[in-house]
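The values are calculated or read from the model by the stated rules, or taken from the named source; none is laboratory data. What you see is a predicted model; the values in this text were computed from it and never measured. Quick reminder, even Gly has a Cβ in these numbers, built from the backbone with ideal geometry, and neighbours come from all protein chains shown.
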Amino acid sequence: MMKSNLLEVIVTSFLLWMIAAAPAAAGDPHVAVSQLLQTTRSWAGNKYSHYVTGQPQITILKIRIPPNTALDWHEHPMISAAYVASGQITLEIRGTRKRKTFSAGQALAESVATVHRGYTTSQPVDLLVFYAGAVGLPLSIKAM
């Protein structure tokens, strides 16, 4: 448990440092900057249309999904992105055969207003998820 907490602190600290330092560090020849993701579309290919309105609120979650788990069908009302810190997750759109698998070290852009879910296989998955939302807006809405 202690090792997991230490890893969480290290990974989270590193990612926050990268977010803060990247623009300033880009011109420093001693600093390596790797772009993990830049896109105008979700992993499923849907183009983002706009940001939500209201008081902006950034949320970052670390989510651990146990092995052999299928998440509930849900949708997000805002743009979000995730980094797979460990394991492998497959995302799928409800009502289609559209699926894509992401492994440790990969980043993904989540779908907006599209019902989907993720599922794991024999290994747990650790995700770091960044939401660009607004005060009072839920991060996820369970689908009926």
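Of the residues Pro29, Pro77, Pro67, Pro56, which is touching a Pro at 6+ places or on another chain (Cβ under 6 Å) and either of a type outside the set (A, V, I, L, M, F, W, C) or touching a residue at least 60 places away in the same chain (Cβ under 8 Å) (or both)?
On the way: Pro29 fails: touching a Pro at 6+ places or on another chain (Cβ under 6 Å); Pro77 fails: touching a Pro at 6+ places or on another chain (Cβ under 6 Å); Pro56 fails: touching a Pro at 6+ places or on another chain (Cβ under 6 Å).
None of the others qualify; the one that does is Pro67.
I'd like to verify a number: residues in region 65-92 that are touching a strand residue (DSSP E or B) at 6+ places or on another chain (Cβ under 6 Å) and loosely packed, with under 14 Cβ neighbours inside 10 Å, how many? The qualifying residues number 2.
Quick one: in region 56-96, which of the residues that are polar (S, T, N, Q) and at pLDDT 95 or above is farthest from Ala143 (Cα to Cα)?
Taking region 56-96 and keeping what is polar (S, T, N, Q), we get 57, 59, 68-69, 80, 86, 88, 90, 96.
From what is left, the residues that are at pLDDT 95 or above are 57, 59, 68-69, 80, 86, 88, 90.
On the way: Gln57: 23, Thr59: 21, Asn68: 21, Thr69: 17, Ser80: 18, Ser86: 27, Gln88: 23, Thr90: 18 Å.
Within region 56-96, the match that is farthest from Ala143 (Cα to Cα) is Ser86.
This table checks each residue for (1) closer than 20 Å to Gln55 by Cα; (2) in the same structural domain as Ser42 (by TED's automatic domain parsing); (3) surrounded by fewer than 16 Cβ atoms within 10 Å (Cβ to Cβ); (4) hydrophobic (A, V, I, L, M, F, W, C).
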| position | (1), (2), (3), (4) |
| --- | --- |
| Gly95 | no, yes, yes, no |
| Ala107 | no, yes, no, yes |
| Ser122 | no, yes, yes, no |
| Tyr131 | yes, yes, no, no |
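In region 109-120, what residues are surrounded by 14 or more Cβ atoms within 10 Å (Cβ to Cβ) and in a loop (DSSP other than H, G, I, E, B)? Working first, answer last.
We begin by selecting, within region 109-120, every residue surrounded by 14 or more Cβ atoms within 10 Å (Cβ to Cβ); these are 109-112, 114-120.
Correct list: Glu110, Ser111, Val112, Thr114, Val115, Thr120.
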